[in-house]
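Please read the structure below before turning to the comments.
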Amino acid sequence: MFARKDLAWGFAAQGLSVGLWLVMLPAVLHYLPPAQVALWLVFVTLVALGQLLELGFQPTLARNVAFVYGGARTLRATGIEKGAGGALDPALLAGLLAASRRIYRGVAAAAAAVLWLGGTAYVVAVAPPGEPTGPVVWAWLAFSGGQVLNLWFGHLNAFLQGRGDLLLANQVVVLSRLLQLVVGVTLIVLGGGLMALGLASLVGAAGGRWLAARFVARRQSDLDGAGPVLPAVARELVGVLWHNASRYGLVMLSAFLITRANILIATSRIGLVEAGDFALAVQILLILQSLAMLPFNLALPRLNLMRAQSAEADMRQLFGRALIVSLGLFAVAAAGLVLAGPPMLRLVGSSTGLPGTWLLLALCLVMLLELNHGLCANLITTNNRVPFVGAGLVTGIGIVTTSWFAAPVWGAAGMVAGIALWQAAYNNWRWPREAARSLSTGYTALVLDALRSLRSPAR
């Protein structure tokens with residue numbers, strides 16, 4: 001279904017994206033004093049908050065780029081031009097490129113204001129007393145500058161993804177992260193301190209953006225005959241992209257409430273030992289979810305193109321296979337965590353363990369069901385609709401409220417039960433059903449057909 005090379009680069013990109021800080025942590029802990037380690041963690045947290053300003057423009061833009069390459073003549077805020085077909089429209093592609101530049105430059109400017117003004121004030125406030133703040137501020141400006149640079153040129157990766165160049169998009173991520181890793185560790189060993197991490201962030205971002213620009217320019221001929229883009233056209237396309245991107249931003253907030261907010265609640269509402277075990281399990285399972293989604297992410301540009309061309313039968317086969325492979329990968333990895341996780345943690349001398357076997361199994365099942373309905377919800381967006389915003393927010397608020405009151409009484413078990421009940425009440429069944437209906441089939445039939453397809457030789 002997927003080329004081995006695509007999978008290898010995809011896993012490398014996903015692994016480095018979610019695990020870069022873990023790889024750098026030994027060098028940081030060994031060579032930096034405790035105060036600088038704490039400041040580095042502040043840097044990472046602030047940059048993660050800045051990333052939220054991107055909202056959902058990247059998947060929205062990538063999907064619309066796929067529509068254009070699928071032969072669309074118009075782009076809509078909701079819905080798509082069914083069965084467009086035909087040749088690429090260079091003028092529409094040029095307009096989309098101009099609109100995406102406007103959006104990402106605005107996002108980058110907002111991030112710069114938040115990070116360089118508010119973030120700098122916060123860094124100065126928490127800096128160790130009695131030490132000069134100048135070096136800390138310069139390190140922070142360089143570190144956050146990498147994030148601002150990534151946002152300024154963020155449309156490049158979305159264009160690569162949208163036109164189906166997943167291999168190139170993943171190569172950009174791998175180069176950027178490896179540059180950051182090599183430069184950071186080298187300069188730390190040489191005594192660069194916090195500034196080493198700041199420069200590494202900046203160099204990694206610059207290298208990745210340079211490579212992305214080179215890859216996008218390889219198909220500059222796609223814009224031949226486009227002519228200049230009128231400002232009014234660019235503004236109209238900005239509005240089209242904003243409609244669903246803003247909804248994606250609310251979905252991202254919902255995802256935070258459903259998963260990561262529970263870590264904060266656990267820390268404040270139950271004992272540190274149990275909270276640490278629960279938080280570690282959630283973080284590991286979130287990483288496993290990200291890795292398991294790779295087959296679907298590789299298929300998504302083709303699914304967007306198929307949706308634009310109304311190739312429903314091909315969509316059923318491709319999505320069904322990607323769904324089964326993604327769920328299978330997560331199930332195997334989660335089983336490995338349950339069986340091998342505790343002894344491995346003991347082997348490395350970790351002071352934090354994992355929850356008990358039954359609680360860990362329940363959490364794995366909750367996360368598997370969440371992965372299933374999340375993949376199905378992503379398929380629904382190929383219709384250029386994001387209908388799950390309200391449900392996500394209600395579920396997120398319900399889970400946070402339930403966890404807040406359940407945690408002191410039932411601990412992590414109460415929190416896991418709250419997540420399971422709220423998700424089972426609606427999201428777990430609604431979005432798989434809707435995804436299957438959008439492909440004119442049922443969910444059970446979709447899964448069974450996919451299993452039979454995987455057993456037969458690829459066409």
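The values are calculated or read from the model by the stated rules, or taken from the named source; none is laboratory data. Not measured: the values here are computed from a predicted model. Neighbour counts are summed over all protein chains in view; Cβ atoms, including those assigned to glycine, are modelled from backbone coordinates with ideal geometry. These accessible areas exclude ligands, DNA and RNA; they are computed on the full protein's heavy atoms, side chains included. Shrake-Rupley method; radii C 1.70, N 1.55, O 1.52, S 1.80 Å.
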- Query: Somewhere in segment 215-228, is a residue open to solvent by less than 40 Å² (accessible area, probe 1.4 Å), free of Cβ contacts under 8 Å to residues at least 60 places away in the same chain and part of a helix (DSSP H, G or I)?
  - Reply: yes
- Query: Where in segment 341-459 are there helices (runs of 4 or more DSSP H), lying fully within it, with 1 or more residues that are of a type outside the set (A, V, I, L, M), over 30 Å from His243 (Cβ atoms) and touching a residue at least 12 places away in the same chain (Cβ under 8 Å)?
  - Reply: 357-380, 389-425, 443-455
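Matching residues to (1) closer than 17 Å to Ala38 by Cα; (2) at pLDDT below 90; (3) open to solvent by 50 Å² or more (accessible area, probe 1.4 Å):
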site	(1), (2), (3)
Ala109	no, no, yes
Ala139	yes, no, no
Arg163	no, yes, no
Val183	no, no, no
- Task: Tell me which residues, restricted to segment 16-34, are hydrophobic (A, V, I, L, M, F, W, C), modelled with pLDDT of 75 or more and not in a loop (DSSP other than H, G, I, E, B).
- Result: Leu16, Leu20, Val23, Met24, Ala27, Val28
- Task: Among the residues of segment 24-37, write down those that are farther than 15 Å from Leu181 by Cβ and touching a residue at least 40 places away in the same chain (Cβ under 8 Å).
- Result: Leu32, Ala35, Gln36
- Check segment 2-9 and report whether any residue there is within 26 Å of Leu257 (Cα to Cα) and either in a helix (DSSP H, G or I) or at pLDDT below 70 (or both). no
- Which number in (1) within 15 Å of Ile188 (Cβ to Cβ); (2) at pLDDT 75 or above; (3) surrounded by fewer than 15 Cβ atoms within 10 Å (Cβ to Cβ) marks the one condition that Trp40 misses? (3)
- Report the residue count in segment 55-71 for those that are open to solvent by less than 30 Å² (accessible area, probe 1.4 Å) and either modelled with pLDDT under 75 or assigned to a helix (DSSP H, G or I) (or both). 11
- Query: Given Leu241, Leu202, which one is touching a residue at least 24 places away in the same chain (Cβ under 8 Å), of a type in the set (A, V, I, L, M, F, W, C) and open to solvent by 30 Å² or more (accessible area, probe 1.4 Å)?
  - Reply: Leu202
- Candidates Leu285, Leu300 - the one that is open to solvent by 20 Å² or more (accessible area, probe 1.4 Å) and either among the β-branched types (Val, Ile, Thr) or modelled with pLDDT of 80 or more (or both): Leu300
- Query: Quick one: in segment 115-137, which of the residues that are in contact (Cβ under 8 Å) with a residue 60 or more places away in the chain and crowded, with 17+ Cβ neighbours inside 10 Å is nearest to Pro34 (Cα to Cα)?
  - Reply: Ala127
